[in-house]
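Could you have a look at this structure, given as structure tokens, before my questions?
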Amino acid sequence: MRSHVTQPPIDPLQDRLHRPLGSLRISVTDRCNMRCRYCMPEESYTWLPRASLLTFEEVDRLAGLFVRLGVQKVRLTGGEPLLRHGLVTLISQLAKRVPDVALTTNGILLAEEARALRTAGLGRVTVSLDTLHPERMAQFARSTSHADVLLGITGAREVGFPVKLNTVVIRGYNDDELSPLLAFGARHDVEVRFIEYMDVGGATQWASEDVVSRDEMLKRLQCEPGGGEVRRLPRQNMASPAEQFALPSGQLFGIVSSTTAPFCGTCDRGRLTADGTWYRCLYAEEGIDLREPLRGGASDAELCTIITEAWRDRDDQGAVERLASHRREALYQVKRLREDPRLEMHTRGG
Ligand code: SF4
């Protein structure tokens, strides 16, 4: 533990469901250099005005306040965070006061940035890799940078990052790649996490029949040639979104089953958009504007009060409510997303 990292409070801040404020996902840009169909399937988007984006000093100050209130993990996201110019500078600032700084990236720019990110104090990297087939990525995410993503993964490993892979599994797109992706993971010493297709803001083409559930993934893995019993492992960290499993070979992997088996009961996550709006749930319609008081001269104590009162008042269980809803279809249509781009997953950082 870095000596000058802010110590968590004695009496942890909890919400109405007794969930602590344990981690914060910070989106540093809503822009992306890919168009994954489960996140950005549309031709055009309403972007956040550049002047509205928090500066690195503002992000660092807010992160410091969240750490003072109990946050131990900060994950930098986007859009694609490596598109934000000078991200290394922000990471070196955050690393001085946040115990655990991680990054989720699509990997396209990772190979060239990996060493500088490591030197700046970044601790962990998660790369989104949904397929091993460049032509599928070109068709599904409108990107021809598959080779760069693979270089990013090996580049991150070479400078010593522990790397995880996030794979959103969609029926008819990549659900035939579970074992090949696990084999890729074993070859490159990276841990694979399969994610159920989620009906979050922006997934305008979401349909329940395209979801491959955790249970179906496990059944498939056990029935594949050379398959065998897949063991469910006890949860090390209750707040972690992924359940852990072990193949007969002992290889570990994870599944994030937010769509068919939500884990809201232990969710300790908040999300900060690049323009300073704080959401207490990925599905929340309303957020708390922290930029205005921040730029309006609010003191640290005043900002902490806003965050504390809002968290204490939190009772969000968005995925549980979605699962309970009878007519489950895409959460928002395009018109609604144009009205408020913060409803988009790529603005909330997933
Ligand atoms: S849906 Fe909301 S409450 Fe549930 S796990 Fe996701 S962010 Fe947490």
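When you scan segment 247-262, do you find a residue that is open to solvent by 40 Å² or more (accessible area, probe 1.4 Å), closer than 22 Å to LYS73 by Cβ, aliphatic (A, V, I, L, M) and touching an Asp or Glu at 6+ places or on another chain (Cβ under 8 Å), even just one?
Scanning segment 247-262, I find at least one residue that is open to solvent by 40 Å² or more (accessible area, probe 1.4 Å), closer than 22 Å to LYS73 by Cβ, aliphatic (A, V, I, L, M) and touching an Asp or Glu at 6+ places or on another chain (Cβ under 8 Å), so the answer is yes.
Now, a different point. Please specify each residue of segment 326-337 satisfying the condition of being more than 13 Å from ALA284 (Cα to Cα) and either open to solvent by less than 60 Å² (accessible area, probe 1.4 Å) or in contact with a helix residue (DSSP H, G or I) (Cβ under 7 Å, 6 or more places away or on another chain) (or both). Outline the logic, then answer.
Quick first cut of segment 326-337, residues more than 13 Å from ALA284 (Cα to Cα) only: 326-330, 333-337.
Selection gives ARG328, ALA330, VAL334, ARG336, LEU337.
Taking the options ALA298, ALA330, name whichever one is assigned to a loop (DSSP other than H, G, I, E, B) and in contact (Cβ under 8 Å) with a residue 60 or more places away in the chain.
That would be ALA330, the only listed residue that is assigned to a loop (DSSP other than H, G, I, E, B) and in contact (Cβ under 8 Å) with a residue 60 or more places away in the chain.
From the list SER44, SER92, which residue is outside any loop (DSSP other than H, G, I, E, B), open to solvent by 10 Å² or more (accessible area, probe 1.4 Å), among the small types (Gly, Ala, Ser) and over 22 Å from VAL256 (Cβ atoms)? If you could, list the steps in order and put the result at the bottom.
Numbers: SER44 fails: outside any loop (DSSP other than H, G, I, E, B).
The unique qualifying residue is SER92.
Output the number of residues of segment 114-133 satisfying the condition of being part of a helix (DSSP H, G or I) and surrounded by fewer than 23 Cβ atoms within 10 Å (Cβ to Cβ). If you could, list the steps in order and put the result at the bottom.
Pass one, segment 114-133, residues part of a helix (DSSP H, G or I): 114-120.
Checking the rest, the ones that are also surrounded by fewer than 23 Cβ atoms within 10 Å (Cβ to Cβ) come to 115-116, 118-120.
Count: 5.
Which of the strands (runs of 3 or more DSSP E) found entirely inside segment 173-267 contain at least 3 residues meeting this: closer than 25 Å to ARG37 by Cβ and within 16 Å of the ligand (Cβ to nearest atom)?
Details: elements: 191-196, 243-246, 252-256.
By residue number, 191-196, 252-256.
Please pick out the residue among ARG2, ARG50, ARG16 that is modelled with pLDDT of 95 or more, of a type outside the set (A, V, I, L, M) and open to solvent by 40 Å² or more (accessible area, probe 1.4 Å).
On the way: ARG2 fails: modelled with pLDDT of 95 or more; ARG50 fails: modelled with pLDDT of 95 or more.
ARG16 is the lone residue from the list that is modelled with pLDDT of 95 or more, of a type outside the set (A, V, I, L, M) and open to solvent by 40 Å² or more (accessible area, probe 1.4 Å).
Could you tell me which residue of segment 292-325 is surrounded by the fewest Cβ atoms within 10 Å (Cβ to Cβ), considering only residues that are under 16 Å from VAL71 (Cα atoms) and away from the ligand (no atom under 16 Å from the Cβ)?
First pass over segment 292-325, keeping only residues under 16 Å from VAL71 (Cα atoms): 300, 303-312, 314.
When the remaining residues are screened for being away from the ligand (no atom under 16 Å from the Cβ), the result is 300, 303-309.
Working: ASP300: 12, LEU303: 19, CYS304: 16, THR305: 13, ILE306: 17, ILE307: 22, THR308: 16, GLU309: 10.
Among them, the one singled out is GLU309.
Looking at (1) closer than 21 Å to THR131 by Cα; (2) in contact (Cβ under 8 Å) with a residue 12 or more places away in the chain; (3) out of contact with any strand residue (DSSP E or B) (no Cβ under 7 Å at 6 or more places or on another chain), can you tell me which one LYS219 breaks?
(2)
Additional query: Give the residues of segment 100-113 that are open to solvent by less than 20 Å² (accessible area, probe 1.4 Å) and not aliphatic (A, V, I, L, M), sorted by residue number.
Within segment 100-113, THR105, ASN106, GLY107 meet the criteria.
The values are calculated or read from the model by the stated rules, or taken from the named source; none is laboratory data. Quick caveat, the model's predicted, so the values are computed rather than measured. Here Cβ is always computed from backbone atoms with ideal geometry, including for glycine, and neighbour counts include all displayed protein chains. All accessible areas refer to the heavy atoms of the entire protein, side chains included, with ligands and DNA or RNA removed. Shrake-Rupley method; radii C 1.70, N 1.55, O 1.52, S 1.80 Å.
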